[in-house]
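One structure is given here, and the rest of the page talks about it.
The values are calculated or read from the model by the stated rules, or taken from the named source; none is laboratory data. Since the model is a prediction, treat every value here as computed from it, not as a measurement. Glycine gets a Cβ as well: all are built from the backbone with ideal geometry, and neighbour counts include every protein chain shown. Ligands, DNA and RNA are excluded from the accessible area calculation, which covers all protein heavy atoms including side chains. Shrake-Rupley method; radii C 1.70, N 1.55, O 1.52, S 1.80 Å.
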Amino acid sequence: MSPTITAFEQSPDRGRGLARDMRVRWALEEVGQPYNVRLLSFAAMREPAHLALHPFGQIPTYEEDDLALFESGSIVLHIAQRHGGLLPAGANARARAITWMFAALNTVEPPIVDLQIARIMEGDQPWYEQRLPLVQARLHKRLGELSGCLGHADWLDGAFSAGDLLMVSVLLRAKAAGILSEHPKLAAYVARGEARPAYKRAFDAQLAVFTAASAR
Ligand code: GTB
């Protein structure tokens with residue numbers, strides 16, 4: 001049976017591929033695994049049926065036979081371990097690719113999210129103008145370090161891997177926030193990810209959800 005993932009019925013990003021079901025869709029497309037999507041309203045995400053799958057009432061989730069998973073990183077790792085194409089065969093190279101998956105989610109994504117939270121939710125606070133440059137500086141330092149690691153390579157460690165898939169997914173949020181223009185190597189890296197046919201299929205599929213909802 002094909003797995004079923006969950007996604008927003010109406011994504012706040014209007015189908016720009018920023019919600020975290022996108023990285024799961026992309027991984028499934030990379031390995032050629034067909035999948036079903038169950039769309040959820042914000043109300044449905046709070047209902048017991050969904051909370052049984054996701055303790056925090058979020059998307060994405062992943063169901064396959066008697067396995068149910070939440071957390072986009074865990075889901076992408078599961079897909080990469082089940083199917084060929086997203087992790088190298090050698091044990092050390094595999095461990096390094098998984099390290100980049102963790103780096104994307106634990107080290108690069110948090111300062112990107114911090115900046116977005118500051119901009120969206122803290123603008124009316126009296127300390128906003130003082131805090132914002134600190135948040136921006138932390139993010140640019142991290143992106144500079146990542147850019148240095150990438151250097152002139154196409155991907156982080158040899159061939160494209162699940163580490164790149166998650167890193168590009170995370171950086172897409174920085175791109176959408178206009179932050180990547182100061183990091184041209186990372187901007188080019190993201191563009192390489194977006195040019196992958198599997199990425200395009202995943203993007204088109206999630207955009208179609210928004211287009212269909214808008215037409216109703
Ligand atoms: N750590 C979890 C994971 O990686 O799976 C985080 C999951 C998560 O944050 N899910 C969000 C969610 O369900 C959607 S992706 N939020 C609803 C809630 O918590 O009630 C985050 C997201 C949402 C919207 C945009 N956007 O519009 O640009 C971008 C990212």
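Once you list every other residue whose beta carbon is under 15 Å from the beta carbon of residue 155, what net charge do they have if Lys and Arg are +1 and Asp and Glu are -1?
Net charge in that neighbourhood comes out at 0.
Whole number please: convex hull volume per residue of the Cα set in the chain, in Å³?
Taking only Cα atoms, the chain has a hull volume of 137 Å³ per residue.
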Exercise. Hey, rough spin-label estimate for residue 125 and residue 46, points 7 angstrom out along Cα→Cβ, what's it come to in nanometres?
Worked result: 2.4 nm
Problem set entry | Debye-sum result for the stretch 91-196 in log10 I(q)/I(0), which assumes one identical scatterer on each alpha carbon, at q = 0.10, 0.15, 0.18, 0.19 Å⁻¹ | -0.29, -0.61, -0.83, -0.91
Exercise. Per residue, what accessible area does the chain have, given a 1.4 Å probe and all protein chains present, in Å²?
Worked result: 50 Å²
Exercise. If you take the square roots of the eigenvalues of the alpha-carbon gyration tensor of the stretch 28-154 and sort them as a ≥ b ≥ c, do you get rounded (a/c under 1.5), prolate (a/b over b/c) or oblate?
Worked result: oblate
Exercise. Hey, how many Å between the Cα centroid of the stretch 144-178 and the Cα centroid of the stretch 26-82?
Worked result: 24 Å
Problem set entry | the chain, relative contact order [Cα under 8 Å, separation at least 6], % | 28 percent
Problem set entry | Separation in nanometres of the label points that stand 7 Å from Cα toward Cβ, at residue 145 and residue 182 | 1.6 nm
Exercise. In nm², what is the average projected area of the convex hull enclosing the Cα atoms of the stretch 1-80?
Worked result: 5.0 nm²
Exercise. Near residue 88, within a Cβ-to-Cβ distance under 11 Å, what is the net charge of the other residues, with Lys and Arg +1 and Asp and Glu -1?
Worked result: +1
Seminar exercise, completed: One finds, for residue 89 and residue 38 with R0 = 22 angstrom and r their Cβ-Cβ distance, a FRET efficiency to the nearest 0.05 of 0.05
